[in-house]
Every structure is written in structure tokens, then in C-alpha cells.
Amino acid sequence: MSRPRFLADHDLNDYIVAGVLRLEPSVQFLRARELGLARASDDQVLQFAVANPLLVVSHDVTTMSDAAYKRLGQGLPLTGLFLVKQLTPVAAVIDSLVLIWSASELEEWGGRVQYLPL
């Protein structure tokens, strides 16, 4: 079992990433654009997350969830996807991600699509 690590999709509000890291600096929270994935398709982002055991966090509630469910329907792995609606209060999302990091294991989220906040 391993501690959750996160991958911010290219459109995720940077305040969410910064807030998580401010509360818990030891969280690993990578940004897709810093990894050269800014123009990657949703499926490519999800595949990168599988290859590098990361939980994806995204505001793309429609297209990213479609890509995740398509992967699952094809029997492909999904490390976990957290979806955040654009108008969701940032503080609640930050608190949920810190809770996920501190109270769960990465493997618990495999194959799951979860809306935040919890």
C-alpha cells in the first residue's frame, strides 16, 4: 500500500494545488502542464497516471469522466479520478484532498471516479 499522490489536470485551479501544499507540504501534487501533458488528451492523462501511480484531479467533469468510464468499460486500469465542479468552494476541495492523502491509500481509489468535496 502507498500514500496517495496527485496529478492536477491542465485546467485545475492552481489555488487548489497551492492550498493542499500549504496545509501539507509533503503531499506529492504534480501538474500536467509541468510534465508536458498540457495538450494531452484526457485518455493520455489517465494513462500517464496509471503508469506513474497518480490520482488525477480535474475540473473536466464531462470529458474526463467520459474518458475514465470508457477506460473502465474496456477493462483498462484507472488509478482514480477526482472531479471538481468549477464553482465548488476551493477550501472544501483542499480539505478533501488533504483528508484523502492522510487517511487513505492510493490503491483504495483504483477504478473509482469521485466528485469532490467528499
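Here, each number is a calculation from the coordinates, and none is a lab measurement. Worth saying up front: this structure is predicted, and the values here are computed from it rather than measured. Note that each Cβ is placed from the backbone with ideal geometry, even for glycine, and that neighbours are counted across all protein chains shown.
In the chain, the inverse of the mean reciprocal separation of distinct Cα atoms equals 13.9 Å; this is its Kirkwood hydrodynamic radius. Summary of the geometry: region 18-78 and region 88-118, compared by the centres of their Cα atoms, lie 13 Å apart.
Qualifying trypsin sites (Lys or Arg not before Pro) in region 43-118, where qualification requires a DSSP coil assignment and no more than 15 other C-beta atoms within 10 Å, comprise 85, 112. Just to confirm the number: angle between the C-alpha axis of helix 90-103 and the first principal axis of the chain, 0 to 90 degrees, nearest 10? Helix 90-103 and the main axis of the chain meet at about 80 degrees. The angle separating the long axis of helix 42-51 from the principal Cα axis of greatest extent in the chain is about 80 degrees.
Highest mean packing comes first when the peptides 55-67, 97-109 are listed by Cβ atoms within 10 Å, giving 55-67, 97-109. All other residues whose Cβ lies under 15 angstrom from that of residue 24 are scored, Lys and Arg at +1 and Asp and Glu at -1, for a net of +2.
Once C-alpha pairs closer than 8 Å and six or more residues apart are averaged by separation and normalised to the residue number of region 6-116, the relative contact order reads 30 percent.
With the cut-off at under 17 Å, measuring from each backbone N in region 1-31 to a point 7 Å along the Cα-to-Cβ line of residue 105 picks out 1-5.
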